[in-house]
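Inspection log for the structure reproduced underneath, given as structure tokens.
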């Protein structure tokens, strides 16, 4: 006898644990391009508020497109149409906390400026064709 004692099911448990660990390590992999995991960039009809800037700062869209802004920062932002000191009243989100969203559908052709009324250096433009 070699001193080895077989314990029934031990190998099966080891295999199951190994498979589970591989699955867990892969769970965080994958980008946002497939739509199955988190993304590091906004989608085609999204604008993120992060690091106290709009990302992206400008978009070109077709009439009838809805843009959704998402606040990724830990502090409040707004989405206000117009320019700092001269809001034009076309849309206004009010205060958006972390992960809050605001959407607006652009039905008219033109150039639409927007800014954060809390952090007025945050500005952007939507061009509707």
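A compact table of results
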read-out: Residue match in segment 10-23 (condition: surrounded by 11 or more Cβ atoms within 10 Å (Cβ to Cβ), modelled with pLDDT under 50 and at negative phi); value: yes
read-out: Cβ pairs under 7 Å, 6+ apart, first in segment 105-129 and at positive phi, second surrounded by 13 or more Cβ atoms within 10 Å (Cβ to Cβ); value: 110/128
read-out: Tally of residues being surrounded by fewer than 17 Cβ atoms within 10 Å (Cβ to Cβ) and in a loop (DSSP other than H, G, I, E, B) across segment 100-117; value: 4
read-out: Per-region count, segment 44-57, residues surrounded by 14 or more Cβ atoms within 10 Å (Cβ to Cβ) and either touching a strand residue (DSSP E or B) at 6+ places or on another chain (Cβ under 6 Å) or closer than 13 Å to residue 117 by Cβ (or both); value: 6
read-out: Yes/no for residue 62 being surrounded by 10 or more Cβ atoms within 10 Å (Cβ to Cβ) and at pLDDT 95 or above; value: no
read-out: Filtered residues of segment 76-87 (kept if assigned to a strand (DSSP E or B) and either under 12 Å from the mean Cα position of the chain (by Cα) or closer than 21 Å to residue 107 by Cα (or both)); value: 80, 81, 82, 83, 87
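Matching residues to (1) out of contact with any helix residue (DSSP H, G or I) (no Cβ under 7 Å at 6 or more places or on another chain); (2) in a loop (DSSP other than H, G, I, E, B):
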site	(1), (2)
40	no, yes
48	yes, no
60	yes, no
63	yes, yes
70	yes, no
74	yes, yes
89	yes, no
126	yes, no
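Let's see how each residue does on (1) crowded, with 16+ Cβ neighbours inside 10 Å; (2) modelled with pLDDT under 95; (3) over 15 Å from residue 42 (Cα atoms):
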position: 71; (1), (2), (3): yes, no, no
position: 78; (1), (2), (3): yes, no, yes
position: 91; (1), (2), (3): yes, no, yes
position: 98; (1), (2), (3): no, no, yes
position: 119; (1), (2), (3): yes, no, yes
position: 122; (1), (2), (3): yes, no, yes
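The values are calculated or read from the model by the stated rules, or taken from the named source; none is laboratory data. Remember, it's a predicted structure, so these values are computed and weren't measured experimentally. Here the Cβ is made from the backbone with ideal geometry for all residues, glycine too, and neighbour counts use every protein chain on show.
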